[in-house]
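Undergrad: Sharing a structure below in structure tokens format, with a few things to ask.
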């Protein structure tokens with residue numbers, strides 16, 4: 001029997017088949033392990049996902065219940081807060097309305113008091129002041145006296161109102177220095193707040209000083225009154241009177257012109273301009289002024305007396321005598337003893353010459 005000899009090369013040729021089998025088995029095993037791992041991972045992932053889905057479901061379920069509850073609570077809290085704020089706002093509104101109402105009433109009271117004070121000072125004339133200074137028993141015009149009494153009786157009168165009344169009463173009592181000081185206080189307090197009253201206070205103080213022959217001070221007060229109230233007739237009247245008493249006739253005439261321009265119906269301004277014209281030698285102009293004054297105020301004894309003087313200077317003696325007689329009658333009716341005595345002396349001279 002023949003024996004076959006195996007060549008080593010043949011053994012080597014058979015080796016690759018054995019290695020391939022081993023590799024194939026290894027690949028299969030690896031694939032299986034990979035599949036197992038993948039399956040395990042997917043299972044874990046699925047389990048984890050399920051857990052998260054449960055959590056998310058619970059959270060959503062919580063919010064599905066909690067959100068309406070919280071919203072309801074928030075809405076309730078907001079509503080209660082709104083009610084409280086609305087209630088407080090209504091209280092503040094009612095309080096504000098009450099303040100507005102009280103302020104309006106207070107404003108009306110102020111206006112009423114201001115009107116009274118302004119009426120007092122608007123009725124204030126140089127004649128009132130002069131009478132008070134000249135005699136402790138002299139009375140101001142009935143209108144002014146009535147207003148003074150009204151202010152005295154009113155418990156709601158302002159400080160300025162009471163000061164005006166006090167200034168008048170001091171003059172009535174002959175306490176001139178105290179009256180001047182009181183008018184000074186009124187002027188200082190009122191200036192910048194109510195310049196009309198301040199101007200009237202300067203006028204009142206200046207008129208007193210003019211009567212006391214303190215003419216330069218009176219002019220200064222008149223200037224202050226005009227500064228505060230440029231269209232203040234009495235301010236120009238006072239300055240004209242003080243200029244006339246100081247011998248400044250042209251300045252006086254200029255001031256009386258201004259007073260007449262502002263108030264063409266002021267008889268006293270015509271009287272004093274007529275006197276300044278007479279002292280300046282303008283007799284016809286003086287008579288014209290006295291005529292106008294008498295037309296505006298037929299009961300002005302001074303106007304008749306002064307017109308009689310001018311007519312006497314013009315040698316119109318009968319006309320002068322007639323004016324003196326009318327002036328005497330009015331002076332007696334009005335209780336002007338000084339003027340009455342002066343005219344009686346002049347008429348006696350007429351008699352002596354007959």
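Please treat every number below as a calculation from the coordinates, not as lab data. As the structure is a computational prediction, the values presented were derived from the model and not from experiment. Cβ: placed from backbone, ideal geometry, glycine included. Neighbour counts: every protein chain shown.
Undergrad: Go through the stretch 260-316 and give me each residue that's more than 21 Å from residue 236 (Cβ to Cβ) and buried (at least 23 other Cβ atoms within 10 Å of the Cβ).
TA: 304, 305, 307, 308, 310
Undergrad: Then there is this: Can you tell me which residues in the stretch 175-213 are surrounded by 16 or more Cβ atoms within 10 Å (Cβ to Cβ) and more than 24 Å from the chain's Cα centre (by Cα)?
TA: 176, 179, 180, 182, 204, 205, 206, 207, 208, 209, 210, 211
Undergrad: Then there is this: Just give me the residues in the stretch 142-156 being under 26 Å from the mean Cα position of the chain (by Cα) and farther than 15 Å from residue 170 by Cα, in sequence order.
TA: Within the stretch 142-156, 147, 150, 151, 154, 155, 156 qualify.
Undergrad: Go through the residues of the stretch 218-230 one by one and say whether even a single one is free of Cβ contacts under 8 Å to residues at least 60 places away in the same chain and not in a helix (DSSP H, G or I).
TA: Scanning the stretch 218-230, I find at least one residue that is free of Cβ contacts under 8 Å to residues at least 60 places away in the same chain and not in a helix (DSSP H, G or I), so the answer is yes.
Undergrad: Just the residues that are part of a helix (DSSP H, G or I) and farther than 22 Å from residue 267 by Cβ, please, taken from the stretch 339-354. Steps first, please.
TA: At the first step, the residues of the stretch 339-354 found to be part of a helix (DSSP H, G or I) are 339-353.
The answer is 341, 344, 345, 346, 347, 348, 349, 350, 351, 352, 353.
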